[in-house]
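Asker: Structure incoming, see below.
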Amino acid sequence: MKRRDMLKVTGAAAVAAGLTACIGGGSGVEFHRSKTRPLSSTTRFDAARFAGRWEIRGEFVFPGEKPSFGAVNLSQSGGRITALDVYGPSGLLERYATTQPAAGRISVGTPPFDTQYWVLWVDADYRTAAIGTPSGSFGWIIDRSRTGGEDRIRAARDVLGFNGYNLARLQTR
């Protein structure tokens with residue numbers, strides 16, 4: 001093997017090892033979901049019904065962290081989610097343009113550096129939803145109201161657990 005080819009192979013192996021550590025393999029970052037569990041988004045998704053303001057009622061946090069329990073607002077156009085606004089206690093924190101590559105999947109950023117937020121479950125009346133990322137780096141329970149609907153919050157929690165999320169890290173209100 002030529003020296004140049006050997007450097008390419010060695011470099012590729014080093015990059016792969018580094019990426020494995022960064023995405024939750026080896027001794028890298030530990031996410032909130034076991035990736036040994038399959039994950040799928042809901043196909044029963046209507047962007048027009050999903051759009052609007054949602055209160056964050058459940059949030060995954062690492063030990064020692066506190067949840068923000070803010071809110072999100074989703075905008076839609078042409079049957080697709082087009083923007084995501086995230087609110088904290090002091091107001092608007094971030095505004096993101098989004099794409100919707102598939103039903104129940106909302107993408108922020110540009111590939112290959114985008115993050116897809118999957119709607120894992122939404123109740124029939126679009127009052128409560130469970131959202132997560134395939135990597136398990138993120139998970140929310142969102143609801144149209146700041147209080148009430150404990151049965152729906154419990155159902156969303158169960159969906160997250162079924163999808164491999166570590167429920168010990170879920171903080172709800």
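The values are calculated or read from the model by the stated rules, or taken from the named source; none is laboratory data. All values derive from a computational prediction rather than experimental measurement. Positions of Cβ are generated from backbone atoms using ideal geometry, with glycine treated the same way; all protein chains shown enter the neighbour counts. Calculation scope for accessible area: heavy atoms of the full protein, side chains included, ligands and nucleic acids excluded. Shrake-Rupley method; radii C 1.70, N 1.55, O 1.52, S 1.80 Å.
Asker: Only one residue in SER145, SER135 is under 11 Å from the mean Cα position of the chain (by Cα), outside any strand (DSSP E or B), surrounded by fewer than 21 Cβ atoms within 10 Å (Cβ to Cβ) and of a type in the set (S, T, N, Q). Which one?
Answerer: Among SER145, SER135, only SER135 is under 11 Å from the mean Cα position of the chain (by Cα), outside any strand (DSSP E or B), surrounded by fewer than 21 Cβ atoms within 10 Å (Cβ to Cβ) and of a type in the set (S, T, N, Q).
Asker: Regarding segment 105-113, can at least one residue be identified that is touching a residue at least 40 places away in the same chain (Cβ under 8 Å), surrounded by fewer than 20 Cβ atoms within 10 Å (Cβ to Cβ) and not polar (S, T, N, Q)?
Answerer: Within segment 105-113 (the criterion being touching a residue at least 40 places away in the same chain (Cβ under 8 Å), surrounded by fewer than 20 Cβ atoms within 10 Å (Cβ to Cβ) and not polar (S, T, N, Q)), the answer is yes, since at least one residue qualifies.
Asker: I would also like to ask the following. Specify the residue that is least open to solvent (accessible area, probe 1.4 Å); the eligible residues are those in segment 114-132 that are more than 16 Å from the chain's Cα centre (by Cα) and without any contact (Cβ under 8 Å) to a residue 24 or more places away in the chain.
Answerer: It comes out as ALA124.
Asker: Going through segment 31-53 one residue at a time, which ones are among the β-branched types (Val, Ile, Thr) and touching a Phe, Trp or Tyr at 6+ places or on another chain (Cβ under 8 Å)?
Answerer: THR42
Asker: Keeping to segment 162-173, report how many residues are in contact with a helix residue (DSSP H, G or I) (Cβ under 8 Å, 6 or more places away or on another chain) and either aliphatic (A, V, I, L, M) or loosely packed, with under 14 Cβ neighbours inside 10 Å (or both).
Answerer: Going through segment 162-173 one residue at a time, the tally reaches 2.
Asker: Further question: For segment 66-94, give me each residue that is free of Cβ contacts under 8 Å to residues at least 24 places away in the same chain and either closer than 21 Å to VAL159 by Cα or surrounded by 12 or more Cβ atoms within 10 Å (Cβ to Cβ) (or both).
Answerer: Once the filter is applied, which keeps residues that are free of Cβ contacts under 8 Å to residues at least 24 places away in the same chain and either closer than 21 Å to VAL159 by Cα or surrounded by 12 or more Cβ atoms within 10 Å (Cβ to Cβ) (or both), segment 66-94 yields SER68, GLY70, ALA71, ASN73, THR82, ALA83, ASP85, VAL86, TYR87, GLY88, LEU92, LEU93.
Asker: Which condition number in (1) more than 18 Å from ILE56 (Cβ to Cβ); (2) modelled with pLDDT of 95 or more; (3) not β-branched (Val, Ile, Thr) is the one that SER135 fails?
Answerer: Of the numbered conditions (1) more than 18 Å from ILE56 (Cβ to Cβ); (2) modelled with pLDDT of 95 or more; (3) not β-branched (Val, Ile, Thr), the odd one out for SER135 is (2).
Every residue, every condition in (1) over 26 Å from ARG95 (Cβ atoms); (2) modelled with pLDDT of 90 or more; (3) part of a loop (DSSP other than H, G, I, E, B), yes or no:
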residue: GLY11; (1), (2), (3): yes, no, no
residue: ALA14; (1), (2), (3): yes, no, no
residue: ALA17; (1), (2), (3): yes, no, no
residue: ALA21; (1), (2), (3): yes, no, no
residue: GLY28; (1), (2), (3): yes, no, yes
residue: ARG37; (1), (2), (3): yes, no, yes
residue: GLY64; (1), (2), (3): yes, yes, yes
residue: VAL72; (1), (2), (3): no, yes, no
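Asker: A further question follows. So, in segment 39-51, exactly how many residues are among the small types (Gly, Ala, Ser) and either modelled with pLDDT under 95 or open to solvent by less than 20 Å² (accessible area, probe 1.4 Å) (or both)?
Answerer: Adding up the residues that qualify gives 3.
Asker: Could I ask something else about it? Looking at the structure I just gave you, is LEU92 out of contact with any Lys or Arg (no Cβ under 7 Å at 6 or more places or on another chain), closer than 20 Å to SER137 by Cβ and at pLDDT 95 or above?
Answerer: When the stated conditions are applied, LEU92 does not pass them.
Asker: In segment 39-62, which residues are assigned to a strand (DSSP E or B) and acidic (Asp, Glu)?
Answerer: Those that are assigned to a strand (DSSP E or B) and acidic (Asp, Glu): GLU55, GLU59.
Asker: Also, quick follow-up: Going by the conditions given, is ASP151 open to solvent by 80 Å² or more (accessible area, probe 1.4 Å) and assigned to a loop (DSSP other than H, G, I, E, B)?
Answerer: Details: open to solvent by 80 Å² or more (accessible area, probe 1.4 Å): yes; assigned to a loop (DSSP other than H, G, I, E, B): no.
Taking the combined requirement at face value, the residue does not satisfy it.
Asker: Look at segment 100-132 and say how many of its residues are in a strand (DSSP E or B), of a type outside the set (Ser, Thr, Tyr) and over 19 Å from THR172 (Cβ atoms).
Answerer: Going through segment 100-132 one residue at a time, the tally reaches 8.
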